[in-house]
Amino acid sequence: MHHRQKLCDKLRSSFLRKWWFVILVALVLIIIGAIVTVFFTSWVNMFIDKEIVLRNGSQTFGWWRKPPVNPVISIYVYNVTNAQEFLNEGKKPVLDELGPYVYRETWEKVNLTINDNHTITFNQRKVFEFDPDLSNGDIDDMVVVPNIPMLSATSQSKHAARFLRLAMASIMDILKIKPFVEVTVGQLLWGYEDPLLKLAKDVVPKEQKLPYEEFGLMYGKNGTAADIVTVFTGGHDITQFGLIDKFNGHTHLPHWKTDACNRLNGSDGSIFPPHITPDTTLYVYEKDLCRLLPLRFLREVETAGGVQGYRFTPPKDVFADVERNPDNDCFCPAGPPCSPNGLFNISLCQFDSPIMLSFPHFYLADPKLREAVEGISEPDPEKHMLYIDVQPQMGVALGARARIQLNLAVSQVVDIKQVATFPDIVFPIMWFEDGIDKLPEEVTDLLSLATNAPPIARAVISYALFAIGVILLIIAVSCLVRSSGRQETLNLEGTSHYVKPEKKPTSTASHIDATNGHTNGKGKTIETLNPAFVGGPENGVTNP
């Protein structure tokens, strides 16, 4: 009996230890679930940071070096239809917007050098191929446009000595240079021989010569650029991923008033540092912009491949005048007066040519600029706004529309007869839309996975751990409660055992054995209480 009790106690103790262990496992699962809920996103971000670093052999590096995209640039040219009436009669210039003239582009980074300080140096190669099927017109179309080299020279001479202006007028008369030229679209874009540039090549000192012999709005851009660009790989600091370290050996531009406005550490527009939020301000640097262009969150978007992204666009006051945006004062080193509202003066990085940038159709600019000419419709944000769509986790550009208009700020110079009747005017020349519609399926699949998989995995793992932990905890606690109840019942039953009754003392010392029929002193027959004795009439024992 004693050994059986010890065995029961031992089994009961083992049973209790087992369920306490289950409770411990359940609590561990719940704690791990809580840790996953809190830290899973950080773990995913750490993994992304490690994988997207630009290093030779990685998939990200291959996509960055030779983007698997099919960008196109659509060019619209403003053809002047009343050049003579404008010059002779002072009428408003009437413009006819021709195009689009569409070119397919191929991008590649060449001459790569991976540096020890987590940077890569390269040259950008862009090849343009005209696509007549997508175009509305041909590159052989004739257009009449302002003579940019001539009008740039006359505008620059406005504050020079009078005899220099008269000499310039004589030279232009001899060379038969006029304020407007008639050229093909192809010549306007890629270059034509200009008499003034040819003359400058022979008479201008070597250190002041222009780096080209022909004039074209996109002259020298078809092929490998001479500019040497160095960008950060993100290996040392992921917040610098893809940003420019140096451009032609410089970390800052030399043109503007402050270091903040001269800085170059922006993106080329294809990749950005990861983990972008709606509060992030992106910066893009393009040589032709002559500055960093800030981009701010506009709205969430979804691409054709189902990838969620953020749309970023320049703030509405990015090209505002100083009165509307005092921060733009640093971009006006020679002012006042500074650029009109909605225009950005890039003459300092365009060999002093009075070139001003704006958004197409003078979007976000002073309406008077558009009203000074005829033939330009009111701006439409959907058609004329610049934007970039970015996948926020990895910082990859999903699509873009870089839309910029090129304008010539012409100043009247009365001493030069060829432009004596040319008023002060901002003359629109052309605008372009450089864009990417979609990424290849292999890229969108990866981006979609990076966007959608982590939240789902986090939820599934967290809920599974929580659910298993809670279920095990409930089962273990229930079993322990039932076991405790059974133990209490057993203890109560064990205390209710048989108690042997006490013998009453006899009144006399004489006793008789029941089996022998002895009687006590009172003549009564005595029945013994011996448990082994089985009483009954058959044994010859009678009750009194």
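Roughly how big is segment 83-177's charge dipole about its Cα centre, with Cβ charges of +1 (Lys, Arg) and -1 (Asp, Glu), in debye to the nearest 20? Don't skip to the end; give the middle numbers.
Numbers: 10 positive and 14 negative charges, 167 e Å.
Charge dipole, segment 83-177, about its Cα centre: 800 debye, nearest 20.
Distance cut-off 30 Å, Cα to Cα: go down the list LYS178/LYS246; LYS109/LYS257; LYS198/LYS246; LYS246/LYS383; LYS126/LYS438; LYS158/LYS287 and report the pairs above it.
Numbers: LYS178/LYS246 41 Å; LYS109/LYS257 32 Å; LYS198/LYS246 33 Å; LYS246/LYS383 34 Å; LYS126/LYS438 19 Å; LYS158/LYS287 28 Å.
Over 30 Å Cα-Cα: LYS178/LYS246; LYS109/LYS257; LYS198/LYS246; LYS246/LYS383.
Could you please report the charge total around TYR363, scoring K, R as +1 and D, E as -1 over all other residues with beta-carbon less than 10 angstrom from its beta-carbon? Provide the component values of the computation, followed by the final result.
Numbers: positive: LYS316, ARG370, LYS383, ARG403; negative: GLU378, ASP380.
Cβ neighbours under 10 Å give a net charge of +2.
Using the Kirkwood radius over Cα pairs, work out the Stokes-Einstein diffusion coefficient for segment 75-149 at 10 °C and 1.306 mPa s, in µm²/s as a whole number.
Values: Rh = 16.0 Å.
Here the translational diffusion coefficient equals 99 µm²/s.
Mind giving me the nanometre distance, one decimal, between the label points for LYS257 and PHE130, set 7 Å out from Cα along Cα→Cβ?
A separation of 4.5 nm, rounded to one decimal place.
How much net charge surrounds ALA402 when only other residues with a Cβ under 9 Å from its Cβ are counted (Lys, Arg +1; Asp, Glu -1)? Mind showing how you got there, number by number?
Details: positive: ARG401, ARG403; negative: GLU286, GLU433, ASP434.
After counting each charged neighbour, the total is -1.
If the cut-off is a Cα-Cα distance under 16 Å, which aspartates and glutamates reach LYS92, setting aside same-chain residues fewer than 8 apart in sequence?
GLU371, GLU374, ASP424
Using the Cα centre as the reference, give the magnitude of the dipole from point charges on the C-beta atoms of segment 244-305 (Lys, Arg: +1; Asp, Glu: -1; all else neutral), rounded to the nearest 20 debye. Numbers along the way, then the final one.
On the way: 7 positive and 8 negative charges, 57 e Å.
Magnitude of the dipole: close to 280 debye.
Could you sort 184-192, 27-35 so that the peptide with the highest average Cβ count within 10 Å comes first and the rest follow in order?
Details: 184-192: 19.8, 27-35: 15.3.
Those peptides, ordered most packed to least, come out 184-192, 27-35.
LEU298 label point, 7 Å along Cα→Cβ, cut-off 14 Å on backbone N: hits in segment 387-407?
Answer for segment 387-407: 387-390, 398-404.
Toward the positive end of the charge dipole of segment 171-281, about the Cα centre and with charges on Cβ (Lys, Arg +1; Asp, Glu -1), which of ILE228, PRO273, MET172 goes farthest?
Checking the options against the dipole of segment 171-281, the answer is MET172.
What is the sum of charges around VAL144, taking Lys and Arg as +1, Asp and Glu as -1, for the other residues whose C-beta is under 14 Å from the C-beta of VAL144?
Values: positive: LYS178; negative: GLU85, ASP96, GLU97, ASP141, GLU182.
That sum, taken over residues with Cβ under 14 Å, equals -4.
Of PHE319, GLY342, PRO360, which is farthest towards the positive pole of segment 315-363's charge dipole, taken about the Cα centre with +1 and -1 on the beta-carbons of Lys, Arg and Asp, Glu respectively?
About the Cα centre, the residue reaching furthest to the positive side is PRO360.
Roughly how many Å is it from the Cα centre of segment 53-81 to that of segment 297-350, as a whole number?
If you average the Cα positions of each part, the centres end up 22 Å apart.
With a 1.4 Å probe and every protein chain left in place, tell me how much accessible area CYS261 has, in Å² to the nearest 10.
Accessible area of CYS261: about 20 Å².
The values are calculated or read from the model by the stated rules, or taken from the named source; none is laboratory data. As the structure is a computational prediction, the values presented were derived from the model and not from experiment. Positions of Cβ are backbone-derived with ideal geometry, glycine not excepted, and every protein chain shown enters the neighbour counts. Protein only, heavy atoms only, side chains kept; ligands, DNA and RNA dropped before computing areas. Shrake-Rupley method; radii C 1.70, N 1.55, O 1.52, S 1.80 Å.
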